[in-house]
1. Rounded to the nearest 0.05, what FRET efficiency do T295 and D144 have when you use their Cβ-Cβ distance and R0 = 51 Å?
2. Are there trypsin sites (Lys or Arg not before Pro) in the range 164-236 that DSSP marks as loop and that have at most 15 other Cβ atoms within 10 Å, and which are they?
3. What aspartates and glutamates does K66 reach when the alpha-carbon gap must be under 18 Å and sequence neighbours fewer than 8 apart in one chain are set aside?
4. Explain nothing, just the number: relative contact order of the range 280-421, from Cα pairs under 8 Å at least 6 residues apart, as a whole percent.
5. Determine the per residue accessible area of the range 187-324 with all protein chains present and a 1.4 angstrom probe, expressed in square angstrom.
6. For a paramagnetic label modelled at 7 Å from the Cα of N331 toward its Cβ, which residues of the range 394-438 fall within the zone defined by backbone nitrogen distances under 13 Å?
7. Ignoring ligands and nucleic acids, what accessible area does H171 show with a 1.4 Å probe (Å², nearest 10)?
8. Given the convex hull of the Cα atoms of the range 409-487, what is a quarter of its surface area in nm²?
Amino acid sequence: MLKNKLLPSSAKLKNNAKLMLAMSLFVGLSANIGKASADERESLEQLRATTNNLIELLVQEGVLNKDKADAIVKKASQDAARQAKQAKADRVLEENAVVDEKSVRVQYVPEHIKKEMREEIKKEVMAKLNYKAGERLGMPSWLDRISFYGDMRLRFENNAYSESNALPDVHKINTNRYAEIQNTTEDRDRLRVRGRLGADVKVNDWLSGGLRMTTGQLTSPVSPNQTQQVSEGKYVVGLDRVFLKANPTDWLMVEGGRFSNPFFSTDMMFDPDLAFDGIAATFTPKFNDTWSSFTNIGAFPIEDIESSDINKAKSKWLYSLQTGIKWQAANKSNARLAVAYHDFSNVEGQSNSNGNNSFNATVPAFRQKGNNTFNIDALNGGTSKLTYPFALASKFQLINLTGQLDLLTFDPVHITMTGDYVKNIGFDANEIANRTGIRDSKKENEGYQLRLDVGSNSFNGPSWMEVKPNDWQVSLGYKRIEADAVLDGFTDSDFHLGGSDTKGWLLGANYAIDKNAWLSARYFSADSITGLPLAIDVLLLDFNAKF
């Protein structure tokens, strides 16, 4: 066989060559390239390239750090140069002498033997690195389709109350605007944390999905914050994202499950931490490089209720439609304008008739404060035994107009102006009187917000957007939300500590101290509009990190 005839010992040659490639790296190869024939030089160059690739792979896998790898290559080059110089001198002085035993003798290696050696060396190294042909050994291929992300936030929060605020008990007996408030006069300082860990999954070319866990109260859909106190024991963690997303075309996306807000909106309408359950579709046809449009439509269950002869309340849903246009300039400046209709179906309360508790479930499962309310037990003498028998007086059918102009004239500094207006066209004083018995309901069904942000937009971007060192942003805004302009349970939970019937200013600043690590400060000064006196100033100081 060729193995026995061409070489003294083919097996020995393979082992010596493997040892040379794996252990000496560039030393022997580089030293002998200069004195090899053209064919041998080409072969040695190929082997040296293979060894170089192996070193790079070791660095990528963390087996060898970059500094050590550079040091090895540098020393190898120096040793090779020294040996080549010595070899040249030896050839001049003693052309017929035996090559110094310290030099590496390169014997003729047949092409098929070289190829086999390279494959075997590659397999041995890849096996140690848990790789085979670029893929992990012993690991399922679907792991490559999962990407993890997360963030952590440490917060100091100060709540400052006016001494002229109405006492909590006064709010609780105000049946026309009931609010379960525990404190209205004593300032409060507390430390809070938020932690989130998620995974995005690529199922195939058109289907993806995601999961995310977060801290926070399981009874609140708008706050992931956990107040720090040793006596609480363990923090509560729950799933706030479980969804599948289909992209059958470039201009159509359909998602279902529990997912993030699919609408172009501000925190006046929906708290940034609010998750949407249900199904939504987004259409994004593009007209040209400058103009495009977007349309969002969705159906979202708010509270599932099993109706019966005894329980006449109906399940509560949100049905939404939004359409808008987007303009983008050559320098990436852009403007968006959208109009939306949100129908909160069956969220209004129904009075229990005398001796009947059929509409107990019309009381909302979660509220903050601000919406007008009424006692559903006013006619039956409180026989429902509900602790808080207060339901929403108005229907909620909202028209929302949102616009934003993002200027990049001073790129990378963004100058972003945002305006938001909402009107509850479902408010009807006569309908409220017929349904609840409340006469002369005051029409308080409009709200608006104006905001200016200057600086980097990386702080408000998606999880994959990198926050760079020394990025900064400052913000100024004004907000006014009348009592029944929005559903108080879904609006921002920080401004006025959540809810409607509020107006005031907001100031904010962000500064990145390093990659994906930044400090932020926000200050809200808000007061009630027509309800009982309730002035609250909120200061939030955060240290944020994401990965």
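1. 0.90
2. On the way: sites: K172, R177, R188, R190, R192, R194, R196, K202, R212, K234; in loops: K234.
Sparse-neighbourhood loop trypsin sites (Lys or Arg not before Pro): K234.
3. The reachable aspartates and glutamates, counting only those whose Cα sits under 18 Å from K66, are E56.
4. Relative contact order for the range 280-421 comes out at 20 percent.
5. On the way: 7540 Å² over 138 residues.
Value for the range 187-324: 55 Å² per residue.
6. Residues 406-415 qualify, since their backbone N sits under 13 Å from the label point.
7. 10 Å²
8. Details: hull surface 30.4 nm².
It is 7.6 nm².
The values are calculated or read from the model by the stated rules, or taken from the named source; none is laboratory data. Computed from a predicted structure; not experimentally measured. Don't worry about glycine lacking a Cβ; one is built from the backbone with ideal geometry, like all the others, and counts go over all protein chains shown. Keep in mind that these areas ignore ligands, DNA and RNA; they rest on the heavy atoms of the full protein, side chains included. Shrake-Rupley method; radii C 1.70, N 1.55, O 1.52, S 1.80 Å.
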